Amino acid sequence: MQLAEARFHRDGFCHLPGLLTPQAMAQLLAQQGEMQTFMQRKQRASETLWFMHLQITALAEIFTAPSLLARLARHVGQTASQLQLLGTTLYCKAAGWSGTAWHQDGRFIPSDSLQAFTLWVPLQPISRENAPLVFFPGSQHQCLIEQPLPSDLWPEPIGTAGPVVAAPLILGDATLHQLWTLHGSLGNATSEERQALIVNYLTAPLVLNPLAAVGGGQTSALINRVRQWNLETLERNAD
C-alpha cells in the first residue's frame, strides 16, 4: 500500500496533502523559536503532553481555522463543531536519531471513553531519510498491542498489509491517525534535526478515570509512568 491509498477508517491513518495553505505554513514556521523555548521548558518538567496553543495564539488560529476543521471532520466522520483542540506538542528528532518505537497513542491517555485523533504536521519536507512516520494499516482494530516495540524491527504481521512509510511529504502536508493505530518513525539519517508538530483533537468530552496499573509486559513501567505524567498534566489544565 502507498500512503496516498490509505483511508482513515479502514486503515487507521491517511495523508492530507496541502492541508495548510502557504500563508498558514509561513505563519506556523514563524513560531518555531517560541515553540522551541516552550519545548525546552516542558522537557525540564518531564511533561509529554503540551498545550502550546494556549500560549502561542497563532497555533490556535491555524488549527481551529474553519476550512481546516471542515476537512478534518470529513475524514473522521464528524461535524466541524464536534472537533475540540486538545494538545499541541513539538517533537524534534536530532541528526542520527535511531527512530521512535512502535506504539499506540491510546495506551498513554488515562481515559476509557476518549474519542480522539492525531494530526502530524512536519515543519520541513519529509523523505525516508529524515524520520518519517510509519503506520501499520488496520492495527486500530487490534486493541492493545505490546509496546513500545523497537523502532528498528517490524512488528509481527497484522492482517495482510505491511507497514506504510509516510513519505514523501512537502510543506503543508500532514498525516492523520487514530488513537489505536500502531505507528512509529524511522531514524533520522540526515545531518539536520527533523521537527514536527503533534496536534491532538477530541471528538467527545475527555473524562479522566482513576489510573489502574498496566501490567503483563516488559514495557508496563514506562507506560504507567507516562500515563501518570499525562494524568497530572490534564488535571492541571482542566477547564
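Any read-out appearing in this document is the output of simple, stated calculations on the displayed coordinates, not a laboratory observation. Since the model is a prediction, treat every value here as computed from it, not as a measurement. Quick reminder, even Gly has a Cβ in these numbers, built from the backbone with ideal geometry, and neighbours come from all protein chains shown.
Data overview
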quantity: Ordering of 63-70, 48-55 by packing [mean C-beta count within 10 Å, highest first]; calculated: 48-55, 63-70
quantity: Backbone HN-Hα couplings from phi across segment 99-108 [Karplus 6.51/-1.76/1.60, Hz, Gly and Pro as x]; calculated: x, 9, 4, 4, 7, 10, 4, x, 5, 9
quantity: Using a Förster distance of 30 Å, the FRET efficiency for residue 225-residue 91 (Cβ separation, nearest 0.05); calculated: 0.95
quantity: Trypsin sites (Lys or Arg not before Pro) within segment 1-103: DSSP coil, no more than 14 neighbouring Cβ in 10 Å; calculated: 7
quantity: Mean Cβ neighbour count within 10 Å, used as a protection proxy, ranking 173-185, 11-23 highest first; calculated: 173-185, 11-23
quantity: Per-residue HN-Hα couplings for segment 125-130 [Karplus 6.51, -1.76, 1.60; θ = phi - 60°; Hz; x = Gly/Pro]; calculated: x, 10, 10, 5, 8, 10
quantity: Residue 193 long-range amide H proximity, modeled H, under 5 Å; calculated: 95
quantity: Whether segment 15-140 is rounded, prolate or oblate, judged on the alpha carbon gyration tensor where a/c under 1.5 counts as rounded; calculated: rounded
